[in-house]
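Structure, as structure tokens:
The values are calculated or read from the model by the stated rules, or taken from the named source; none is laboratory data. What you see is a predicted model, and the numbers here were worked out from it, not measured in a lab. Counting neighbours? That spans all protein chains shown, and the Cβs are built from the backbone with ideal geometry, glycine included.
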Amino acid sequence: MSAVDQLADVGMGETLLEIEGLTKHFQSDTGLLAGIFGSEDVEAVDDVSFEIAKGETVALVGESGCGKSTLARTVLQLIQPTDGRVAFKGVELTDWSQRQLRPLRRDMQMIFQDPQSSLNPRMKVGQIIEEPMQAHDMYTKTERRERAKELLERVELEREYYNRYPHEFSGGQRQRINLARAMATDPDLIVCDEPVSALDVSVQAQVLNTMRDLQEEYGFTYLVISHDLSVVRYIADRVAVMYLGHIAELAETEELYENPQHPYTQALLDAIPIPDPRSRDARGTLEGDVPSPINPPSGCRFRTRCPSLIRPEELDLSADEWDQVRRFTRAVQRRTFVPEYPDEDEGLPVGTITDAVDADYFPEGRPDGEAGEIIDEVCRSIADREWDDAQELVTERFEETSICAAERPRYTIPATVGDGVHDVSCHLHRDDAI
Amino acid sequence: MAETILEVTDLKTQFYTERGVVRAVDGVSFDVKQGEIVGLVGESGAGKSVTTSSVLRLIEEPGEVVGGEVDYMGRTIVGFEDTGEELVPRDEMLSETQMRDRIRGNEIAIIFQDPMESLNPVYTVGGQVKEFIELNRDISGKEAKAEAIEMLRRVGIPEAAERYGDYPHEFSGGMRQRVLIAMALGCRPNLIIADEPTTALDVTVEGQILELVNDLQEEFGTSFIWVTHDMGVVAEICDRVNVMYLGQIVEQGPVDEIFHDTQHPYTKALLNSIPRPDRTVGDLEPIEGTMPSARSPPSGCRFHPRCPDAREPCKEAEPVFQQVSETSDGTAHRASCLKHEDVGYWEADALEVEVEK
């Protein structure tokens, strides 16, 4: 039996696509030497699971390098996953070869970010739209022609554009041609990789509205990849926020934007400039850069930048004290706390450092006990200009002993908006998980 | 009120192409006051970058600044006089050498969108910042290096002294953009032109940069011209805003007025077409069609073929860019729309929006 024969009929609202434990690691280095000495893995996507129902729009959002595009391509089996399974209309895609999957591809289409380079400049618009139908041996030649013209109308272009070339069109129009091509085989799923980010704002709205209308009419399921949280809020039913190859949070759109629970999502939403000068409030900026996906942080991958890192249980500190210790830890890790050393190689007396540290981070005095001893030692390292030691010490003792570093968080909590559920990968929710 | 440092009047820049003359900037007037962040906002092709390049006289063949005045603190960057037959540059217009030695870098610096293209990949980051400082200020050697490190530290490069010898590819995109800001600031310019400096960056990194600009502006009192297409960024940092459409400024005013007392239909349409991060929007109202070519702009008001408020006179009469209201502190709010003129707009029939799909 071929893969196509196993395709099940999926009704609206039923699971169309099921992704479980999907993982994609790339070799950071290839070639002879890497073959001999081995190379480190880039963990682009790591153990990700979610489902998409028919007729739904799910968005994957995240910053560059978070793995959202890799995830989408792995879902479509354009990239072989390292591990995990993907089931589309009941067919286990990972069980079949590329060749065997080909007939299935008419049900899964993709549109790309750049409307310039995704259309062959030597082909007429008509041919471009007919190509996928031809590839899947659908309809007769005359029928294909008629359908292509009809599709042009459906995406709010003119039938007469059939004989024109892509260069005659603006970016927005080209993205509509892409949409028409993706619709040609009447697919169930359309994966849209940054569909409007190359377009001007006024044109973005046109294309987004067309995508919405088409979905209503034909019941398409969209998996949208985007870095633009405003666009996502407008078109998605559910949103998955990705950070460094993991899904940090997944919830219905309204719930995610109105009630974000993961510190990363909160920081992300906080960072978007709002188009209203009256909501210019002070915002917390997320410090530092995204760590490398080679040897990513253990446990929660956001822990190295998280403003809510959880207190290690072995440290006996009040909430206020822990806040101060955490601030101090981050300052040392990023070396934003730099005393004025007298000369190139000379250190400073420990007293000078502790005074400065007390003034900046512990105005009510350094905590007692173990934490206090560690801070003293860090100060001695800073005084001797042994920054690496100081960084290592705070990281080892204040961050890596936290539950955030020990296990990967995965919790599901009840949603506040609506009656759905809300997946949040943060240990702050370990007590209210269901 | 703060002193006006840059005054641009009726600036015109054209490009001569095989397919005709492109009037990329067609009579643009705006000014910048000391310590102010002035926004230049519009969609691609509106003429934002050509405007800023013209201000710095960086327009190259086949383009040319063909008219208007640019005055920077009493110095004439662009100025013409009419000999009866043609416009010729006036004597007091700065020479190319004077522009290079006295204006670019040390008085007016520019930061571009792509930091990788603005940094030389084969020189160290620190060396490039130092060279810039040496060229534009009277310090050199050890002192310039110390200043370069200090600037890198100021813009938030961690371990600035250690990273001084790194190459551009060893920095992330956000870090590279910080280096460019450090370079610009290191020359202690009075005005920085920032051309879409955060467009290529992730939103959290953009947040860091905007925060940094706010801090630095407070500290050094530097003025900025901020070129962007992002109304969110405009709302976040600008004091005054110029909205451009097809080579012209269609609305100009304090940021709050632009968003809350919008006077030009294009600005209004632009604001209605953007999805909001902070609230759920039922339906976006896109602007129909696309911006026409600057080679053959529409007659009358250039926005009339796409304007939802267009009426008969808009096809013929070219609107005057004029003051439409004044804020309490005396800042002008200008717009070019026939609604504010006495040409029978209100009595005329509405036009159908006629655009090619």
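Matching residues to (1) crowded, with 21+ Cβ neighbours inside 10 Å; (2) within 30 Å of B:Gly221 (Cα to Cα):
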| position | (1), (2) |
| --- | --- |
| B:Val21 | no, no |
| B:Val25 | yes, yes |
| B:Val55 | yes, yes |
| B:Met73 | no, yes |
| B:Ile77 | yes, yes |
| B:Glu85 | no, no |
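Identify the single condition in (1) surrounded by 15 or more Cβ atoms within 10 Å (Cβ to Cβ); (2) in contact with a strand residue (DSSP E or B) (Cβ under 6 Å, 6 or more places away or on another chain); (3) without any contact (Cβ under 8 Å) to a residue 60 or more places away in the chain that B:Ser336 does not satisfy, given that it satisfies every other one.
The number of the failed condition is (3).
Let me confirm something: among A:Asp289, A:Asp237, which residue is surrounded by fewer than 23 Cβ atoms within 10 Å (Cβ to Cβ), of a type outside the set (Lys, Arg) and at pLDDT 95 or above? Walk me through it before giving the result.
On the way: A:Asp289 fails: at pLDDT 95 or above.
The unique qualifying residue is A:Asp237.
Which of the residues that make up segment A:1-20 are assigned to a loop (DSSP other than H, G, I, E, B) and touching a helix residue (DSSP H, G or I) at 6+ places or on another chain (Cβ under 9 Å)?
Passing the criteria: A:Ser2, A:Ala3, A:Leu7.
If you take the residues of segment B:294-304 that are in contact (Cβ under 8 Å) with a residue 40 or more places away in the chain and out of contact with any Cys (no Cβ under 6 Å at 6 or more places or on another chain), which of them is surrounded by the most Cβ atoms within 10 Å (Cβ to Cβ)? Walk me through how you get there before you give the answer.
Keep residues of segment B:294-304 that are in contact (Cβ under 8 Å) with a residue 40 or more places away in the chain, which gives B:294-297, B:302-304.
Subset that is out of contact with any Cys (no Cβ under 6 Å at 6 or more places or on another chain): B:294-297, B:302-303.
Working: B:Ala294: 23, B:Arg295: 13, B:Ser296: 12, B:Pro297: 19, B:Arg302: 24, B:Phe303: 27.
Filtering segment B:294-304 for residues that are in contact (Cβ under 8 Å) with a residue 40 or more places away in the chain and out of contact with any Cys (no Cβ under 6 Å at 6 or more places or on another chain), the one surrounded by the most Cβ atoms within 10 Å (Cβ to Cβ) comes out as B:Phe303.
Among the residues in segment A:212-222, are any hydroxyl-bearing (Ser, Thr, Tyr), in a helix (DSSP H, G or I), out of contact with any strand residue (DSSP E or B) (no Cβ under 9 Å at 6 or more places or on another chain) and more than 13 Å from chain B (Cβ to nearest Cβ)? Spell out the reasoning first.
Step one: filter segment A:212-222 for residues hydroxyl-bearing (Ser, Thr, Tyr), giving A:218, A:221-222.
Filter again for in a helix (DSSP H, G or I), leaving A:218.
Filter again for out of contact with any strand residue (DSSP E or B) (no Cβ under 9 Å at 6 or more places or on another chain), leaving A:218.
Subset that is more than 13 Å from chain B (Cβ to nearest Cβ): A:218.
Yes, because at least one residue in segment A:212-222 is hydroxyl-bearing (Ser, Thr, Tyr), in a helix (DSSP H, G or I), out of contact with any strand residue (DSSP E or B) (no Cβ under 9 Å at 6 or more places or on another chain) and more than 13 Å from chain B (Cβ to nearest Cβ).
Within segment A:270-283, does at least one residue satisfy the condition of being within 22 Å of A:Val424 (Cβ to Cβ), in contact (Cβ under 8 Å) with a residue 24 or more places away in the chain and within 18 Å of the chain's Cα centre (by Cα)?
Kept after step one, since they are within 22 Å of A:Val424 (Cβ to Cβ), are these residues of segment A:270-283: A:270-272, A:283.
If we keep only those that are in contact (Cβ under 8 Å) with a residue 24 or more places away in the chain as well, we get A:272.
If we keep only those that are within 18 Å of the chain's Cα centre (by Cα) as well, we get A:272.
Yes - at least one qualifying residue is present in segment A:270-283.
Can you find, within segment A:147-158, the residue that is nearest to A:Arg106 (Cα to Cα) among those that are surrounded by fewer than 19 Cβ atoms within 10 Å (Cβ to Cβ) and within 11 Å of chain B (Cβ to nearest Cβ)?
Restricting to residues being surrounded by fewer than 19 Cβ atoms within 10 Å (Cβ to Cβ) and within 11 Å of chain B (Cβ to nearest Cβ), the top hit is A:Glu153.
So is A:Leu229 facing another protein chain (nearest Cβ under 9 Å) and in contact with a strand residue (DSSP E or B) (Cβ under 8 Å, 6 or more places away or on another chain) or not? Walk me through how you get there before you give the answer.
Working: facing another protein chain (nearest Cβ under 9 Å): yes; in contact with a strand residue (DSSP E or B) (Cβ under 8 Å, 6 or more places away or on another chain): yes.
Taking the combined requirement at face value, the residue satisfies it.
Could you look through segment A:137-149, keep only residues that are at pLDDT 95 or above and under 37 Å from the mean Cα position of the chain (by Cα), and pick out the one that is farthest from B:Ser44 (Cα to Cα)?
Result: A:Arg147.
For segment B:173-259, list the strands (runs of 3 or more DSSP E) that sit wholly inside it and hold at least 1 residues that are within 17 Å of the chain's Cα centre (by Cα), crowded, with 22+ Cβ neighbours inside 10 Å and within 8 Å of chain A (Cβ to nearest Cβ); which are they? Before the answer, list the steps.
On the way: elements: B:191-195, B:223-228, B:240-245, B:248-254.
In segment B:173-259, there are no strands (runs of 3 or more DSSP E) which contain 1 or more residues that are within 17 Å of the chain's Cα centre (by Cα), crowded, with 22+ Cβ neighbours inside 10 Å and within 8 Å of chain A (Cβ to nearest Cβ).
When the residues of segment B:275-292 are narrowed to those that are surrounded by fewer than 21 Cβ atoms within 10 Å (Cβ to Cβ) and touching a residue at least 24 places away in the same chain (Cβ under 8 Å), which ends up farthest from the other protein chains (Cβ to nearest Cβ)?
In this case the residue turns out to be B:Pro292.
Hey, can you tell me all the residues within segment A:73-117 that are farther than 18 Å from A:Phe50 by Cβ, in a helix (DSSP H, G or I) and in contact with a Ser or Thr (Cβ under 9 Å, 6 or more places away or on another chain)?
A:Gln100, A:Pro103, A:Arg105, A:Arg106, A:Asp107
Which residues, taken from segment A:378-398, are in contact with a helix residue (DSSP H, G or I) (Cβ under 6 Å, 6 or more places away or on another chain) and not β-branched (Val, Ile, Thr)?
Restricting attention to segment A:378-398, the residues satisfying the condition of being in contact with a helix residue (DSSP H, G or I) (Cβ under 6 Å, 6 or more places away or on another chain) are A:378-383, A:389-391, A:393-394, A:397-398.
Across segment A:378-398, the qualifying residues are A:Cys379, A:Arg380, A:Ser381, A:Ala383, A:Asp389, A:Ala390, A:Gln391, A:Leu393, A:Arg397, A:Phe398.
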